[in-house]
Structure formats: C-alpha cells, structure tokens
1. Under 8 Å between Cβ atoms, which residue pairs at least 6 apart in sequence (or on different chains) link something in region 104-129 that is under 19 Å from ALA65 (Cβ atoms) with a partner that is of a type in the set (D, E, K, R) and surrounded by fewer than 19 Cβ atoms within 10 Å (Cβ to Cβ)?
2. For region 145-175, what are the residues that are in a loop (DSSP other than H, G, I, E, B) and under 22 Å from VAL257 (Cα atoms)?
3. Does GLY99 meet the test of being among the small types (Gly, Ala, Ser), in contact with a Leu (Cβ under 8 Å, 6 or more places away or on another chain) and either touching a residue at least 24 places away in the same chain (Cβ under 8 Å) or assigned to a helix (DSSP H, G or I) (or both)?
4. Among ARG45, ARG28, which is the only one that is exposed (fewer than 15 other Cβ atoms within 10 Å of the Cβ) and either basic (Lys, Arg) or within 23 Å of LEU236 (Cα to Cα) (or both)?
5. Which of the residues that make up region 118-140 are of a type outside the set (Lys, Arg) and under 16 Å from the mean Cα position of the chain (by Cα)?
6. Quick check on ASP88: is it closer than 30 Å to ALA214 by Cα and at pLDDT 95 or above?
7. When you check ALA163 against the structure, is it small (Gly, Ala, Ser) and buried (at least 24 other Cβ atoms within 10 Å of the Cβ), yes or no?
8. Out of (1) more than 18 Å from ALA15 (Cβ to Cβ); (2) surrounded by 19 or more Cβ atoms within 10 Å (Cβ to Cβ); (3) at pLDDT below 95; (4) touching a Leu at 6+ places or on another chain (Cβ under 7 Å), what's the single condition that is false for ALA108?
Amino acid sequence: MALIAVAADKGSPGATTTAVALAALWPRRALLAEVDPAGGDLVYRSARENGRPLDPGTGLLSLAATARRGIAAEQLWDHSQRVAGGLDVIVGLTSSDQGAGVSGQWGALGKAFADLAQSPHQEAAADVIADCGRLGPDSPTLALLPHATVVLLVTRIQPENLAHVRERAVALNNKLHGQQRGAAQIGKPQVGLVLVADPAQGGRIAGQVNDMMAASHAGARIAGLVADDPAGAEQLSGRRRGRVDKSLLVRSVRKVVSDLH
C-alpha cells in the first residue's frame with residue numbers, strides 16, 4: 001500500500017484516534033501525517049521520545065514551503081518528528097489561520113505521500129497514514145485524495161451519522177470516479193467506512209450498513225470496526241496510564257490493520 005487517508009464527515013467521531021492507532025500498529029514502517037486544514041492536536045497532546053514538546057514549526061508548514069519548489073518523497077523525513085513510543089509524525093497546522101500557507105500544495109503533498117512507499121531507498125520507504133480531519137464538499141484536502149490507495153471515512157453508528165456518511169460517500173465517489181456505476185469498485189482510491197461502536201453492537205450493524213451502502217450505490221463498504229473505548233483512546237494519547245495494548249481500542253484496530261494490509 002502507499003497512502004491511506006483517514007477522514008471524518010461530521011463532528012468528532014474519532015478519526016484522529018483511528019489514524020494514530022493505525023499508524024502505530026501498521027506492519028510496515030509508517031509515517032503519520034496530520035493534514036487537517038482546521039488544525040491538528042498532535043503538537044499539544046504528544047511529546048518527543050526525549051519528553052520535550054513537539055516543534056510546531058517542523059511539520060506540515062515547513063513541508064508546504066518546500067513543496068512550492070518541488071519535493072522528493074524522501075524529503076518528508078526532514079519534516080517529521082518521532083514521538084514517545086516510536087511513531088514518526090508530521091505535525092499539522094496549529095490553527096485554521098495557517099491554512100493559507102498550504103494553499104495549492106495539497107496535490108503535491110499527496111503525490112509525495114504516495115511515492116514514499118515506492119522509494120528505491122529501503123531505509124526511507126514507508127506507508128503514510130494521513131489524518132485529513134473533517135472532509136466537507138469544499139475541503140482543500142480533496143486534492144490529496146486521488147493519490148490515496150484507500151480513503152477511510154470514520155463515523156459513529158447513530159442513524160443521523162450513518163445518513164450523513166452515506167451522502168458523503170456518494171459525493172466522494174462521484175468526485176473521485178465520476179458517476180459511472182461500478183467505477184468506484186474498480187478505481188483507486190477505494191472508499192471504506194470505519195464504524196466506531198460498542199463491539200457488542202458493531203458486527204450486527206456493519207451488515208446493515210453494507211446493505212444500505214449497496215442500495216444507495218455509494219461505492220463504499222465497511223472496512224472495519226473500531227471499539228468506542230474512551231479509556232483506550234486516553235492511554236494511546238499518553239493522558240492515562242495503563243496497558244494500551246490490552247485495550248479494546250487497540251485490539252479492534254489490529255483487526256482493521258490486518259484486513260487493510
């Protein structure tokens with residue numbers, strides 16, 4: 001694989017937590033890129049391996065400045081930082097006001113992310129997990145998505161959330177693949193849904209959601225279930241002590257990772 005884009009439709013369904021967990025558990029070397037145009041959280045809630053704060057100036061903004069002159073995929077590492085636990089990250093904007101600094105660069109960034117997996121230098125090759133934040137019809141990160149292998153829309157399972165994500169999947173597939181029926185199933189990127197749910201409910205609801213997507217010709221299907229586990233999310237972010245590897249969150253994401261990879 002190469003670039004995996006993780007996005008939300010409305011509210012705060014857990015897209016960032018899902019992206020972090022996917023990158024941390026990915027079986028190949030992975031780089032987590034925080035590309036939410038509204039601003040990211042990693043610089044506030046994570047720290048470097050040495051315990052010092054992350055540098056907000058080294059990340060998406062510095063990378064976008066480089067991208068204006070062209071960027072080789074291997075240069076992504078010059079703008080990354082390693083957080084406690086060993087995950088390599090490109091921290092995002094600290095506010096939406098900084099979005100102008102990335103304007104017009106989303107496509108170039110997407111290509112660099114996708115190319116990193118194909119680097120001829122094995123020590124530099126990695127898959128990129130991109131946290132795209134909320135994906136609206138006018139989101140600038142839409143220009144990044146054609147370079148992805150998979151786009152994962154993260155949603156909770158309340159009826160209104162599922163209705164919104166169905167409409168987003170239809171609109172996204174029309175934009176990425178045109179309106180030809182069946183094009184979404186054979187084109188790239190594939191669009192998948194990640195349901196954040198109580199594990200006891202998720203399996204039953206997943207089948208119903210797949211049926212709903214098929215009936216709507218949305219061109220998307222369930223890619224996995226992530227446990228609704230606030231305690232596990234706090235452990236993953238370092239805000240709570242405990243064996244995060246034993247949490248429902250991590251156990252559920254391991255299954256998603258296995259299926260995706």
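1. GLN105/ARG68; LEU116/GLU74
2. Matches in region 145-175: ALA148, THR149, ILE157.
3. yes
4. Matching residue, one of ARG45, ARG28: ARG28.
5. Within region 118-140, ALA126, ASP127, VAL128, ILE129, ALA130, ASP131, CYS132, GLY133, LEU135, GLY136, SER139, PRO140 qualify.
6. no
7. In short, no.
8. (4)
The values are calculated or read from the model by the stated rules, or taken from the named source; none is laboratory data. Here the structure is a predicted model, which means the values were calculated and not measured. Using ideal geometry, Cβ is built from the backbone for each residue, glycine included, and neighbour counts are taken over all protein chains shown.
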